[in-house]
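Report on the structure given below.
The values are calculated or read from the model by the stated rules, or taken from the named source; none is laboratory data. None of the values given here were measured: they were computed from a predicted structure. Every residue, glycine as well, gets a Cβ built from its backbone with ideal geometry; the counts of neighbours run over all protein chains shown.
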Amino acid sequence: MTLNEEIVLICAMRYALGRRTYVVGSVCSELKKHYNEFSITSRKKIVKKIEDYQNEYGIIGSKIDDIEWNKIKWLFDDSNKVIIKAKYYNIDKWEKVIAIKAPDGKYYSIPDVVEYQTAIEIDK
């Protein structure tokens, strides 16, 4: 991703914060899609913007939008990364992966932020 593309995505994120429209889903989807291309500095800026908005206004947009923004915040905050053993649906095989540990104790995939149904934390 070029610097200009990164700037445009951050601007789109700032625009979408607090909106109650389909644009939130679109922006969050693009942020997840390009997660691995963002610089560490940009990831930190994204987390800070979301936290600042939450500190000032509480919930971000509607409840479903707030859930999406929290997932982005967890994804982009490296302090939430843990190593887990995950068992996939209908497969009797455990796989070691890096995941996001949310404040509610649930584990999510990186970068899609899909909840692991069966997981065991093995390392921080």
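Annotation note: Cβ proximity below 7 Å between a residue of segment 40-51 that is surrounded by 14 or more Cβ atoms within 10 Å (Cβ to Cβ) and a residue that is acidic (Asp, Glu) and assigned to a helix (DSSP H, G or I) (sequence gap 6+ or interchain) occurs for 42/6.
Suppose we keep only residues that are of a type in the set (Val, Ile, Thr) and either in contact with a helix residue (DSSP H, G or I) (Cβ under 6 Å, 6 or more places away or on another chain) or assigned to a helix (DSSP H, G or I) (or both) within segment 1-17. Which one would you say is nearest to residue 51 (Cα to Cα)? Let's see the steps before the verdict.
So the first thing to find is which residues in segment 1-17 are of a type in the set (Val, Ile, Thr), and the list is 2, 7-8, 10.
Going one step further and asking which of them are either in contact with a helix residue (DSSP H, G or I) (Cβ under 6 Å, 6 or more places away or on another chain) or assigned to a helix (DSSP H, G or I) (or both), we end up with 7-8, 10.
Numbers: 7: 19, 8: 20, 10: 15 Å.
Filtering first and then ranking leaves 10.
Answer yes or no: is there a residue in segment 24-32 that is farther than 30 Å from residue 122 by Cα, modelled with pLDDT of 95 or more and among the β-branched types (Val, Ile, Thr). Yes, segment 24-32 contains at least one residue that is farther than 30 Å from residue 122 by Cα, modelled with pLDDT of 95 or more and among the β-branched types (Val, Ile, Thr).
Applying a threshold of 9 Å to beta carbon distances and a minimum spacing of six or more residues, or different chains, the list of pairs starting in segment 63-85 at a residue that is closer than 15 Å to residue 16 by Cβ and ending at one that is among the acidic types (Asp, Glu) reads 73/51.
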